[in-house]
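Note sheet for the following structure.
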Amino acid sequence: MADNPFQTYSQSVTAPAVDAFPITPNDSTDLTQAVRALYVGGAGDVNLITGNGSTVTFTGLTGSMVLPVTTTRVRASGTTATGIVGLV
């Protein structure tokens, strides 16, 4: 593993992500951990539950974009975007 000169810095909300994992949309199961943002690889819509528990659909997203929203679940119903990655 490469040396990380930033590992002793505090992790603020505006700091870059320190980890990432692929997300498979699911209507009934929360993510293993809340994420600070989503990377959307393929264009479409993303239906999610925010960190505060609201359900919202982001429509017309383009591929290769970062959606800066904290979420605990990406729902299968209403999600048509592909290649979704959680950024922590």
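Key figures
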quantity	calculated
Residue match in region 35-47 (condition: surrounded by 12 or more Cβ atoms within 10 Å (Cβ to Cβ) and free of Cβ contacts under 8 Å to residues at least 24 places away in the same chain)	no
Positions within region 68-86 being among the aliphatic types (A, V, I, L, M), under 23 Å from Pro16 (Cα atoms) and surrounded by fewer than 18 Cβ atoms within 10 Å (Cβ to Cβ), in sequence order	Val69, Val85
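Quick note: the coordinates plus some simple rules give every number you see, no bench work behind them. Computed from a prediction, not measured in an experiment: that's the story for all the values here. Ideal geometry is used to build each Cβ from the backbone, glycine not excepted, and the neighbour counts take in all protein chains shown.
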